[in-house]
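**Student:** Input: one structure, supplied below.
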Amino acid sequence: MAGPGGAVRGRFAVVGGGIAGVTCAEKLAAEFPSEDIFLVTASPVIKAVTNFKQVSKTLEEFDVEEQPSSLLEKRYPNIRVIQSGVKQLKSDEHKIYTEDGKEYIYEKLCLCAGAKPKLIVDGNPYVLGIRDTDSAQAFQKNLAQAERIVVIGNGGIALELVYEIQGCEVIWAIKDKAIGNTFFDAGAAEFLLPKLTAESQETPIECKRTKYTVEGSEEKGRPPGASDKLGSALGPDWHEGLHLKGTKEFSHKVHIEILCEVKKIHLQQEFIQLQQTALTFPKGEKNVEADEVLWPVYVELTNGKIYGCNFIVSATGVVPNVEPFLDGNNFAVGEDGGLKVDKHMHTSLPDVFAAGDICTAAWEPSPVWHQMRLWTQARQMGWYAAKCMAAEALGESIDMDFSFELFAHMTKFFNYKVVVLGKYNAQGLGSEHELMLRCTKGHEYIKVVMQNGRMMGAVLIGETDLEETFENLILNQMDLSAYGEDLLNPDIDIEDYFD
């Protein structure tokens, strides 16, 4: 219903059509079937969770699908999708102003606007940031003509990308000692590396996440500047069905430069004026040859090496997308740039909640949980934020959701099942911990992080079937000192001990 000055009133408003926002809106719609729930999103498509499976107490598995927002409104007739960006939030007036000139008055608001890629440089046509389905498609177009690319970054997306690319030389620059640092340690990286150099894999299965475009919006109907509207983040299988193949006829050619970052990017003309030497793709350890080819762009690394390439992929993580909301509002902001939320997903402003990549968990976390900007946490936070908004609206109290007891994430890398639990990289444990390992080359890799005889975290790669047992051992903090090395002895069925 309209309020003063043509503003539309609603009890609950959610900003953002990604996993956190959609999950939050769906949960609110289910809890308040007679209330209109406003979902404000800049994109015509939303991200929906499909095929959800609770694998264990804390582990979950699901696909992420891009759907037209009309499907969401069909599922929940009381969700009203407002397709527009947010121009301004006036929290003291409980008002949102959208780009299309409308005003909405809310009682409770949840901000789920996600994050945007951290680009190494802005506005360079040879630098592509990868975070969402749009940028992945731009990337594929460019790759079709590419002979060599440079990939910067060491998270999940860089890892998958490098694994999937065929027929193109890849120089991969990482700031750490080992690949996949966000999820693994050097041991897991060693275990996975042979897969990078193995000759081509099985043909990729068709992509489940198809991209919808609104009829006719492709070219002419697009407002100027629409292309830089943020899409939502990519899911764990975003590269399936994209044919990531360059121009060359070989399968994999990856060279990793460790412990370095980008010092400077030179366009072809600038490089010629530098009168420096660029290197060819390294063939062996000692091979340092000058490159005769002229490339469109050159990357100078902090280790002094320069490589030419067709383009550079920046996969260096994300920054919370808080800009549209800061002006005129006194939000407490975390060190990572996110809106600080307490244990009820409340920001520092009354009636404003936040969930997903945009927020920074500012409560005292469980000793085996930490925040990471992942699909799973976006879904859990969106769901829990809706519960908290509902409880506050009804004057009820609510307990912290169980999913924040233990960090648990399940994904696939290089076609292996990967489960990470708790402080799987000994995050924040200092030197007071020990690691136990069991590894069968090409089959499984198991790492356990122990502290004072208690299990604090684990990495499981392959079909280990240990995730539930380890989840329980971390949750109940049982003293395991008595088992010593036998804890990972493959001949002992560990589950028989702890049931």
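The values are calculated or read from the model by the stated rules, or taken from the named source; none is laboratory data. Computed from a prediction, not measured in an experiment: that's the story for all the values here. Neighbour counts are summed over all protein chains in view; Cβ atoms, including those assigned to glycine, are modelled from backbone coordinates with ideal geometry. Just so you know, the surface numbers come from the protein's heavy atoms only, side chains and all, with ligands and any DNA or RNA stripped out. Shrake-Rupley method; radii C 1.70, N 1.55, O 1.52, S 1.80 Å.
**Student:** Taking the condition open to solvent by less than 10 Å² (accessible area, probe 1.4 Å), in the same structural domain as ALA361 (by the TED database) and either more than 22 Å from VAL352 (Cβ to Cβ) or over 20 Å from the mean Cα position of the chain (by Cα) (or both), does VAL40 pass?
**Tutor:** yes
**Student:** Between a first residue in the range 179-192 that is among the aromatic types (Phe, Trp, Tyr) and open to solvent by less than 60 Å² (accessible area, probe 1.4 Å) and a second residue that is assigned to a helix (DSSP H, G or I) and modelled with pLDDT of 70 or more, which pairs have beta carbons less than 9 Å apart while being 6 or more apart in sequence or on different chains?
**Tutor:** What qualifies is PHE183/GLY156; PHE183/LEU159; PHE184/LEU159; PHE184/PHE191; PHE184/LEU192.
**Student:** For the condition aliphatic (A, V, I, L, M), under 20 Å from the mean Cα position of the chain (by Cα) and modelled with pLDDT of 75 or more, what is the one hit in ALA173, ALA178, ALA136?
**Tutor:** ALA173
Yes/no matrix, rows are residues, columns are (1) at pLDDT 95 or above; (2) assigned by the TED database to the domain that holds ASP351; (3) touching a His at 6+ places or on another chain (Cβ under 7 Å); (4) not aromatic (Phe, Trp, Tyr):
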site: GLY21; (1), (2), (3), (4): yes, yes, no, yes
site: PRO33; (1), (2), (3), (4): yes, yes, no, yes
site: PHE52; (1), (2), (3), (4): no, yes, no, no
site: SER56; (1), (2), (3), (4): no, yes, no, yes
site: LEU59; (1), (2), (3), (4): no, yes, no, yes
site: GLU65; (1), (2), (3), (4): no, yes, no, yes
site: LYS95; (1), (2), (3), (4): yes, yes, no, yes
site: ILE105; (1), (2), (3), (4): yes, yes, yes, yes
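Yes/no matrix, rows are residues, columns are (1) in contact with a helix residue (DSSP H, G or I) (Cβ under 6 Å, 6 or more places away or on another chain); (2) closer than 30 Å to VAL459 by Cα; (3) in contact (Cβ under 8 Å) with a residue 12 or more places away in the chain:
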| position | (1), (2), (3) |
| --- | --- |
| ASN330 | no, no, yes |
| ASP336 | no, yes, yes |
| LYS343 | no, yes, yes |
| LEU349 | yes, no, yes |
| THR360 | no, yes, yes |
| ALA378 | yes, yes, yes |
| MET381 | yes, yes, yes |
| CYS388 | no, no, yes |
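**Student:** Could you tell me whether any residue of the range 345-354 is within 23 Å of ASN425 (Cα to Cα) and not aliphatic (A, V, I, L, M)?
**Tutor:** no
**Student:** In addition: Considering each residue of the range 390-434, count those that are within 15 Å of GLY457 (Cβ to Cβ) and in contact (Cβ under 8 Å) with a residue 24 or more places away in the chain, and give that number.
**Tutor:** Result for the range 390-434: 18.
**Student:** Condition first: within 25 Å of ALA332 (Cα to Cα), surrounded by fewer than 17 Cβ atoms within 10 Å (Cβ to Cβ) and among the acidic types (Asp, Glu). Can you find one or more residues in the range 53-69 that meet it?
**Tutor:** no
**Student:** May I ask you to list the residues in the range 439-470 that are charged (D, E, K, R), open to solvent by 10 Å² or more (accessible area, probe 1.4 Å), closer than 14 Å to GLU190 by Cβ and in contact (Cβ under 8 Å) with a residue 24 or more places away in the chain? Walk me through it before giving the result.
**Tutor:** Within the range 439-470, the first condition is being charged (D, E, K, R), and the residues that meet it are 441, 444, 447, 454, 463, 465, 467-468.
Subset that is open to solvent by 10 Å² or more (accessible area, probe 1.4 Å): 441, 444, 454, 463, 465, 467-468.
Remaining after also requiring closer than 14 Å to GLU190 by Cβ: 441, 444.
Correct list: LYS441 only.
Every residue, every condition in (1) modelled with pLDDT of 90 or more; (2) among the acidic types (Asp, Glu), yes or no:
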site	(1), (2)
LEU72	yes, no
ASP92	yes, yes
CYS110	yes, no
ASP132	no, yes
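**Student:** Which pairs have Cβ atoms under 7 Å, sit 6 or more apart or on different chains, and link a residue in the range 50-78 that is under 18 Å from LEU28 (Cβ atoms) to one that is assigned to a helix (DSSP H, G or I) and open to solvent by less than 20 Å² (accessible area, probe 1.4 Å)?
**Tutor:** LEU72/VAL22; TYR76/ALA29; ASN78/ALA29
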